[in-house]
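Report on the following structure.
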Amino acid sequence: MNEPIELYFWPTPNGHKISIALEEMGLPYVLKPVNIGAGEQFKPDFLKISPNNRMPAIVDHDGPGGAAISVFESGAILQYLGRKTGLFYPSDERARVSVDEWLFWQMGGLGPMAGQASHFINYAPKLVDDASLIEYGRVRYVNELNRLCGVMERRLSEAAYLGGDAYSIADMAAWPWARIAHKLGQSFDDFPKLKAWVDRIYERPAVQRAIKAGDELRQTQDLSKDQVRGMAKALFGQTANSVNNAKSQQG
Ligand SMILES: N[C@@H](CCC(=O)N[C@@H](CS)C(=O)NCC(=O)O)C(=O)O
């Protein structure tokens with residue numbers, strides 16, 4: 001029997017994209033926790049498969065030609081799994097272009113902007129004592145996320161799913177961020193189509209299994225100031241030099 005796919009994972013929106021895809025595609029997998037708050041993303045063995053010191057990443061022991069392959073970057077992983085299984089990633093070129101458009105829209109827009117909104121709402125206030133110093137950043141990213149929610153609202157007014165008529169890897173990429181938009185300065189009352197799509201996808205058993213598996217790893221939802229300050233050493237203020245130092249300390 002084939003070895004399960006190893007999913008290097010922590011229960012964040014980027015991690016959930018891939019646990020959802022693996023559940024939806026029915027691929028056997030094993031979670032390999034990467035506690036990013038504790039700096040495990042700098043371990044040399046992890047950096048060999050994910051040189052950007054970010055999760056998610058996968059190792060598929062049954063890769064092309066039957067040999068193992070590792071993949072980092074959630075978009076590349078989703079496309080790989082979609083090609084591997086032929087599921088949720090259409091082979092018809094027009095349909096595939098549409099899925100790719102929304103997949104890359106997530107990678108370049110929704111994910112990074114929602115991630116920054118989350119930083120300024122959830123972390124920066126616990127790291128910086130003078131609130132006025134973070135206000136510009138908070139407003140900038142909350143507004144940009146608001147614009148992107150508007151883009152999804154319009155798209156979901158004309159199509160059932162982001163990529164078109166069918167649920168696809170583009171939805172799996174965007175959903176984990178969209179579902180928490182109300183915690184990132186947005187009101188679902190302003191985005192009824194988006195809310196209906198969030199709810200519809202949440203009803204999928206595979207999605208519920210993926211979220212539950214992640215929840216089991218997360219100790220607490222609401223981090224204290226001390227916890228955030230502890231995590232900040234690993235997570236924030238990374239530079240080329242600090243990453244090199246963290247890597248050698250983890251050695
Ligand atoms: N573009 C990456 C983003 C992944 C990412 O930002 N992962 C975060 C958690 S959500 C991470 O691993 N952070 C570790 C760190 O900042 O060192 C992808 O889509 O895979």
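Could you check residue 147 against (1) of a type in the set (Lys, Arg); (2) assigned to a helix (DSSP H, G or I); (3) open to solvent by less than 90 Å² (accessible area, probe 1.4 Å) and say which number it fails?
(3)
Just a yes or no: is a residue in the stretch 198-212 more than 26 Å from residue 22 (Cβ to Cβ), part of a helix (DSSP H, G or I), modelled with pLDDT of 95 or more and open to solvent by 20 Å² or more (accessible area, probe 1.4 Å)?
No, because not a single residue in the stretch 198-212 is more than 26 Å from residue 22 (Cβ to Cβ), part of a helix (DSSP H, G or I), modelled with pLDDT of 95 or more and open to solvent by 20 Å² or more (accessible area, probe 1.4 Å).
Have a look at 46, 72, 42 and point out the one that is in contact with a Pro (Cβ under 9 Å, 6 or more places away or on another chain) and either at positive phi or of a type in the set (Phe, Trp, Tyr) (or both). Working first, answer last.
Values: 46 fails: in contact with a Pro (Cβ under 9 Å, 6 or more places away or on another chain); 42 fails: in contact with a Pro (Cβ under 9 Å, 6 or more places away or on another chain).
Result: 72 is the single residue among 46, 72, 42 that is in contact with a Pro (Cβ under 9 Å, 6 or more places away or on another chain) and either at positive phi or of a type in the set (Phe, Trp, Tyr) (or both).
Please work out which residue is farthest from residue 168 (Cα to Cα), limiting yourself to the stretch 1-23 and to residues that are open to solvent by 30 Å² or more (accessible area, probe 1.4 Å) and in contact with a helix residue (DSSP H, G or I) (Cβ under 8 Å, 6 or more places away or on another chain).
8
So in the stretch 60-90, with the set limited to residues that are free of Cβ contacts under 8 Å to residues at least 24 places away in the same chain and open to solvent by less than 40 Å² (accessible area, probe 1.4 Å), which one is farthest from residue 169 (Cα to Cα)?
63
The values are calculated or read from the model by the stated rules, or taken from the named source; none is laboratory data. The model shown is predicted, which means the values in this text are computed figures rather than measured ones. Positions of Cβ are generated from backbone atoms using ideal geometry, with glycine treated the same way; all protein chains shown enter the neighbour counts. Heads up: the accessible areas ignore ligands, DNA and RNA and are worked out on the full protein's heavy atoms, side chains in. Shrake-Rupley method; radii C 1.70, N 1.55, O 1.52, S 1.80 Å.
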